[in-house]
Structures are given as C-alpha cells and as structure tokens.
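Everything on this sheet refers to the single structure shown next.
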Amino acid sequence: MRTKFYLGIFLLLSSCLFFNSCTQQSPFDSGKIYVSPKGSDDNMGSKDSPFATPFGAKQYIAFQKLSHELPEGGIEVIFREGTYFLGQPLQFTSTDGGHEQAPITYKAFEGEKVVFSGGQEIGGWENVEPGLWKVELPEVKDGMWHFRQLFADGKRLTRARIPNEGYFTTEGALKKYQLEIKPWDFEGRTTLFNNEIEAFCGFEYQEGNMPYIAEEDYLNAEVLTHHSWESSWQTVCKIDEGNNEIYFNTPSWCPVGFFGEEGKHVRFRIENVKSALDEPGEWYLDLLNGELFYLAKEGENVPEISFIAPVLENLITVEAFSSSDKPIEHIRFENIQFSHTAYPMGIYVNSGHYMMEGKLENGPFTLTMWPDHAIDQGVDLPRYANPGYMEPQAALNSGQAVLISDAENVVFLECQFNQLGGYAINIGRRSKQITIDACEISDLGSGGIRLGMWVKDVKRANLKSDIIPRQNIISNTKIHDIGKVHAGAVGIWLAQSMENQVVNNELYNMPYSGISLGWTWNEAETFTHQNYIAYNHIHHVMQTLTDGGGIYTLGKMNGSILKENYIHDIKRAKGAVGSFSNGMFFDQSSQLLTVEGNVIEQVENDKVRFNQTSADKMIWEKNYLDDSSGEKDEVQKVVQKAGVQKDA
C-alpha cells in the first residue's frame with residue numbers, strides 16, 4: 001500500500017516537471033544565451049544555467065537551427081566577465097550564421113570585461129637565485145610549443161635582448177660577397193638570390209658589436225635586422241669571430257649593402273640569449289631543456305603574477321568549407337577583447353607575391369622547401385633548424401587573430417584587439433560588407449587590418465572579380481602601437497579589393513606606414529578600385545623603417561579617393577637606411593585616384609613624394625601642405641573632420 005502511495009507521488013511530480021519543461025521558454029527561443037567561466041557546456045545556456053565556453057553556445061545554436069527557426073530579432077550570446085582560453089580556434093562556417101532580420105551576436109554582458117585568449121597560463125615558478133625564477137615546460141622540451149611573446153598581468157614583457165636599448169650595427173655583407181652586391185640593383189639581387197643564397201644568410205658585424213653567444217644557445221637565439229622598408233628574423237648557424245661574421249640558417253629578403261653605401265650599416269639586435277637576461281622584467285626560453293626564466297622586478301611576487309604565453313595563431317575563423325558553400329552571414333561581435341596569439345615564422349620570398357587560396361604559386365623566386373634551395377647550392381646549413389622570417393613588404397604572412405573569408409555582414413563593434421602576434425584581422429576572398437567600427441587595435445606583433453588579396457599580377461594569378469572582397473567598412477577605430485615583432489607591418493593594408501570605406505580612424509605609433517593602398521608595381525590592371533579613404537588622423541608613423549608614409553600607394557586605383565586626411569609628425573628614424581619617409585608616398589604606377597583636401601604637416605622629409613608616377617596621373621585637388629596663414633580656416637575644418645581639436 002505504501003509502495004503504491006510513493007509511486008503515485010513520483011508520477012505526479014514527474015508530470016509536473018515534464019509540464020514545466022514543455023511550457024518554459026528555451027534560451028534559443030528567448031533569443032538570449034548565456035556563457036560564464038563558472039558555467040558548464042552540459043548546462044542549458046540560460047542566465048541561471050550558463051554554458052562555460054563559446055564553443056558550447058555555438059554548438060547549441062547550430063543544433064537548435066536544425067529544427068527551429070531563429071527567433072525574431074536574432075540571438076544574443078551574452079558572456080559574463082572573465083578570460084575564455086579557447087584551446088582551439090572558434091570556427092564559423094555556413095551553418096553558423098544568421099540572417100538580416102535575425103543576426104547572431106556574441107557580446108559581453110554590459111559593464112563586464114570579456115577576453116577571448118589564444119594563450120595558456122603559466123604557473124609553478126621556482127626561485128632559483130635572488131630575483132631569478134624558473135618554470136619547467138615539458139611541451140617546450142618536447143618541441144610541441146615554441147612561444148616568442150610573454151605577457152604578465154596584461155602587459156607585454158621584454159624578451160632578453162642585446163643590446164638592451166637601441167641596436168648594434170653591421171659593417172657590411174659577408175666579405176666574400178661584398179663586391180657582388182650593387183646598390184639598388186634589383187635584377188642583380190634576384191640573380192644573386194637564385195645562385196648564391198648564402199649572401200643573404202649573414203653579414204659582417206662591426207668590431208665589438210657581437211657579444212659572446214654560447215654555441216648551445218644558437219638554437220634559442222634570434223637576430224632581428226632592420227633593412228629599409230622590411231625586417232628579417234634569423235636564427236644563428238655559426239659565428240666566425242676571426243672575421244667578425246655571423247651566418248644564419250635562413251635568408252633575409254635583401255643582402256646587407258643593397259641599400260647603398262649607408263645600407264652597409266644596418267641595425268640589428270639579438271634576442272632570447274641567456275647571457276642577455278640582465279634587466280629586471282626580461283624573460284628567456286631555453287628550448288632544449290624546456291625551461292622558462294624570468295628576472296623579477298623589485299617588489300614583484302612572481303607566483304601571484306598572471307603569466308600568459310600564446311599558443312594559437314588564430315582565435316576566430318569565419319570561412320566556408322569550399323567556394324561552393326553559401327557565405328557565412330550576419331554574425332556580430334560586440335565589446336569583446338581578443339588577445340594572446342602567436343605569430344608564424346617562415347620563408348616568404350616569392351617576389352611576385354602571387355597568392356591564391358592560401359597557397360603560393362610556383363615562380364622563379366619561390367622557396368617552398370627550405371633549406372633545400374640553399375643545400376642545392378652547396379651551402380652548409382642544418383636541414384632542421386628553427387625558421388626565421390622574411391618577406392618583401394608589409395609582413396603579410398605574419399598571421400592574424402581573426403580570419404574572414406566567404407562572409408557577408410559580419411560586424412565587430414567596440415571590440416579590442418591587443419597583445420596579438422600577427423595582424424588583428426584579415427578580410428579576404430568573397431568577403432562583403434564586413435564592418436569594423438569603434439574598435440581599438442593595439443600592442444600587436446604585426447599589423448592592424450589586412451583587407452584584400454595578396455596578389456600582385458591579377459592576370460597571372462587568374463584572379464576573378466567574383467571573389468574580390470568589396471563594400472567593407474573600417475571606421476572610428478584606433479590602431480596604434482603595432483609592429484612590435486614585424487616592423488614592416490602596416491596599420492591598414494588594402495589591395496585587390498573595391499568599394500571599401502576607411503573613414504574616421506586614428507593610426508599612430510607605428511614602425512612603418514599607416515595606410516597602404518594597392519599592390520601592383522606596374523601599370524597592369526588591378527581590382528583596387530573605388531576605395532574611399534577619408535577623414536583619418538595619421539601621425540607618428542614610420543618610427544623604425546623608411547621608404548613609406550602616412551599613406552602609401554601602388555598601381556592603378558580607378559576611382560579611389562584620398563580625401564581630407566590629417567597627417568603629421570613623421571620623422572626619419574635614427575639609423576634608418578634607404579629612401580625617405582613622407583606624409584604621402586605615391587610609389588610605382590600610382591594613378592587614377594583623387595587626392596583632395598588633405599592636410600600634411602610636420603614631416604621631416606618631403607610631405608609628398610612620387611616614384612615612377614606623377615601628380616598628373618591622378619586628380620590632384622587642393623591639398624594643404626604648409627598650413628599658411630591664408631589657409632588656416634580650411635585646414636581647421638579638415639583637422640576637425642579627422643577628430644582633432646587643434647588650436648587655430
């Protein structure tokens with residue numbers, strides 16, 4: 001009798017629970033899904049039962065879409081405060097998008113800080129001597145993890161370097177090649193590269209400009225050399241102290257001495273050498289033994305500091321599986337911070353810059369298998385060595401945190417991109433109406449935003465207009481303090497892309513150019529058409545390299561407009577070699593664009609420079625280059641449109 005009573009109660013309660021679950025609105029139907037570091041991906045995604053990761057929320061939406069229509073107004077995935085360590089890139093494909101009346105938005109809870117991190121926390125520090133701390137990392141020792149950036153409590157740390165400030169200076173190319181290197185001889189450079197690659201794999205250093213590096217540290221040491229408009233990273237093969245020469249495992253794009261007499265004396269420094277760990281706040285990674293060292297500042301309690309090292313190169317990819325898939329549409333990201341990505345290393349020497357679908361085409365100067373090219377020439381190089389990094393210009397192969405292709409109507413609003421290794425955002429093929437608005441991009445290893453296709457010759461690459469990215473908007477965004485690893489990177493790079501707007505942005509504190517427009521060095525046809533570059537405030541750029549400008553252009557740019565940009569405070573960097581740094585630099589074959597109403601002032605070299613082109617090949621309206629007394633009112637109007645309050 002008692003058993004039947006309890007069974008009845010159980011059935012009644014079960015019926016009530018079933019009824020409530022059927023009548024209660026699901027998070028999907030309500031249009032609001034919650035994620036919290038304190039949640040679980042086994043939860044339902046409600047405010048009281050949140051998911052733990054963005055992956056859990058994304059998979060839940062994809063599953064619900066199989067049998068449900070998106071609710072009117074779309075879905076908001078709301079993240080509570082915290083750092084979300086992704087572990088793998090968050091990949092959006094054609095099944096993950098919304099539509100015009102129902103976008104899918106990933107946003108921070110109002111007033112809370114949300115970080116998507118591609119890094120890994122490091123703990124377990126041991127104090128090995130006064131001020132010096134060490135932690136063992138088995139993944140590093142096993143060759144599974146090699147990071148070149150380290151962050152602590154939200155700040156980028158300095159990797160142990162020699163010298164601590166400034167640079168050493170080269171004396172010239174390797175001695176046996178010095179007579180073969182002719183200044184500005186591009187054809188001769190190509191011949192030399194094809195036949196005597198070793199000339200690019202080292203240099204003679206000035207007496208006293210090479211500290212002792214133990215041979216066992218060759219594996220760890222990396223040398224950064226600033227040439228003219230590009231830089232190279234190289235790893236040590238051997239040092240000939242008798243001849244004051246250093247040899248590398250990989251080449252630079254040009255040999256030392258290429259940029260004229262002054263080009264014999266270029267700047268370099270050495271990083272990640274144990275003997276250089278001499279300034280508090282520096283770190284060093286021993287790859288062979290898998291040990292990370294940190295030299296603490298006075299008063300620091302190292303075990304209480306949050307150390308993060310990058311693991312992922314990408315945080316987010318918005319990309320279809322194939323070109324036949326429909327575009328990914330109507331995804332939004334609002335007030336989310338993207339941080340802690342690594343940057344790839346590799347040899348990119350295709351001087352034609354032919355790149356399609358992520359693959360370099362074979363060309364006369366392409367290295368696809370390094371060091372086979374060098375070994376075939378009889379150069380004595382180890383077959384397995386840590387790679388360096390080089391490419392001709394703009395560091396376009398330095399990776400990105402966010403990769404977008406095959407997408408339409410993707411929005412990043414009031415987001416922050418910082419402490420990244422490569423570019424923040426890469427907007428590529430078949431991307432349309434992508435909007436970057438009111439964001440801040442800072443503290444990057446490479447550049448800000450890359451928009452377009454890395455293709456120099458569209459005919460040879462068989463590039464078709466239907467895959468050209470177009471009608472994208474970059475607006476009201478601050479891009480600053482970038483190029484901390486790859487100095488050749490730029491704030492905004494735009495080429496083989498059309499009908500875009502780059503308006504009301506501020507770009508500053510950069511080692512090279514602010515905005516780069518176009519990627520064709522001759523009068524061949526391009527797809528860099530009808531781009532509108534206006535009301536931007538560009539200042540304090542060209543701080544490390546040279547031969548660029550606040551705005552730099554190349555090739556035919558039919559219908560493109562440079563209007564009322566305010567450019568100022570550009571100086572030639574100390575020790576820079578090669579040509580000049582300018583307010584606007586119209587490089588080879590720049591033509592078919594309108595230049596109107598721009599204000600350029602406080603520029604050390606010429607405010608405007610032309611190379612193998614001229615002003616009569618474009619529509620040149622009134623521009624303000626001297627801020628003369630009769631033009632102050634007009635100048636003030638332009639400056640105010642660029643968002644600057646300047647004294648009259």
The strands (runs of 3 or more DSSP E) lying wholly within segment 168-227 that contain at least 1 residues that are out of contact with any Ser or Thr (no Cβ under 8 Å at 6 or more places or on another chain) and not hydroxyl-bearing (Ser, Thr, Tyr) are 168-172, 202-205
Which one is nearest to residue 598 (Cα to Cα) among residues in segment 541-569 that are open to solvent by 10 Å² or more (accessible area, probe 1.4 Å), of a type in the set (S, T, N, Q) and in contact with a strand residue (DSSP E or B) (Cβ under 8 Å, 6 or more places away or on another chain)?
558
Taking segment 120-150 and keeping residues under 19 Å from residue 279 (Cα atoms), open to solvent by 50 Å² or more (accessible area, probe 1.4 Å) and assigned to a loop (DSSP other than H, G, I, E, B) leaves 130
Tally up the residues in segment 325-342 that are hydroxyl-bearing (Ser, Thr, Tyr) and either part of a strand (DSSP E or B) or farther than 24 Å from residue 155 by Cβ (or both), please.
1
Report the residue count in segment 404-427 for those that are surrounded by fewer than 24 Cβ atoms within 10 Å (Cβ to Cβ) and in a strand (DSSP E or B).
6
Given (1) open to solvent by less than 10 Å² (accessible area, probe 1.4 Å); (2) closer than 29 Å to residue 135 by Cβ; (3) β-branched (Val, Ile, Thr); (4) touching a strand residue (DSSP E or B) at 6+ places or on another chain (Cβ under 6 Å), number of the condition residue 236 does not satisfy:
(4)
Looking at residue 275 and the list (1) polar (S, T, N, Q); (2) in contact with a Lys or Arg (Cβ under 7 Å, 6 or more places away or on another chain); (3) more than 30 Å from residue 402 (Cβ to Cβ), which single condition is not satisfied?
(2)
Quick one: is residue 567 part of a strand (DSSP E or B) and within 19 Å of residue 500 (Cβ to Cβ)?
no
Can you tell me which residue among 33, 61, 78 is open to solvent by less than 80 Å² (accessible area, probe 1.4 Å), part of a helix (DSSP H, G or I) and modelled with pLDDT of 95 or more?
61
When residues of segment 177-216 are filtered for being within 24 Å of residue 378 (Cα to Cα), at pLDDT below 90 and open to solvent by 80 Å² or more (accessible area, probe 1.4 Å), how many remain?
2
Output the number of residues of segment 64-75 satisfying the condition of being surrounded by 13 or more Cβ atoms within 10 Å (Cβ to Cβ), part of a loop (DSSP other than H, G, I, E, B) and of a type in the set (A, V, I, L, M).
1
Within the set of pairs 6 or more residues apart or between chains, which connect a residue that is within 13 Å of residue 401 (Cα to Cα) and part of a strand (DSSP E or B) inside segment 433-444 to a residue that is among the aromatic types (Phe, Trp, Tyr) and open to solvent by less than 20 Å² (accessible area, probe 1.4 Å) with Cβ atoms less than 6 Å apart?
441/417
Across segment 591-615, what is the number of residues that are farther than 22 Å from residue 642 by Cβ, touching a residue at least 24 places away in the same chain (Cβ under 8 Å) and part of a loop (DSSP other than H, G, I, E, B)?
3
From the list 100, 110, which residue is acidic (Asp, Glu), under 21 Å from residue 58 (Cα atoms) and free of Cβ contacts under 8 Å to residues at least 12 places away in the same chain?
110
Given the structure, is residue 209 of a type in the set (S, T, N, Q), closer than 23 Å to residue 274 by Cβ and more than 27 Å from the chain's Cα centre (by Cα)?
yes
Residue match in segment 453-476 (condition: without any contact (Cβ under 8 Å) to a residue 40 or more places away in the chain, in a strand (DSSP E or B) and within 20 Å of residue 552 (Cβ to Cβ))
yes
Return the residue satisfying two criteria in turn: it lies in segment 435-470 and is surrounded by fewer than 24 Cβ atoms within 10 Å (Cβ to Cβ), over 14 Å from the mean Cα position of the chain (by Cα) and modelled with pLDDT of 95 or more, and of such residues it is farthest from residue 481 (Cα to Cα).
468
State all residues of segment 36-54 that are closer than 19 Å to residue 113 by Cα and open to solvent by 30 Å² or more (accessible area, probe 1.4 Å); if no residue qualifies, say none.
37, 38, 47, 53
Residue by residue through segment 290-305, note down the ones that are under 12 Å from residue 157 (Cβ atoms), in a loop (DSSP other than H, G, I, E, B) and either out of contact with any Gly (no Cβ under 7 Å at 6 or more places or on another chain) or open to solvent by 20 Å² or more (accessible area, probe 1.4 Å) (or both).
297, 300, 305
Scanning segment 622-648 residue by residue, the ones that are modelled with pLDDT of 85 or more, in a loop (DSSP other than H, G, I, E, B) and open to solvent by 90 Å² or more (accessible area, probe 1.4 Å) total 1
If we keep only residues of segment 538-564 that are of a type in the set (S, T, N, Q) and in a strand (DSSP E or B), then the residue farthest from residue 445 (Cα to Cα) is 558
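The values are calculated or read from the model by the stated rules, or taken from the named source; none is laboratory data. Quick caveat, the model's predicted, so the values are computed rather than measured. Quick reminder, even Gly has a Cβ in these numbers, built from the backbone with ideal geometry, and neighbours come from all protein chains shown. Note: areas computed on protein heavy atoms with side chains; ligands, DNA, RNA excluded. Shrake-Rupley method; radii C 1.70, N 1.55, O 1.52, S 1.80 Å.
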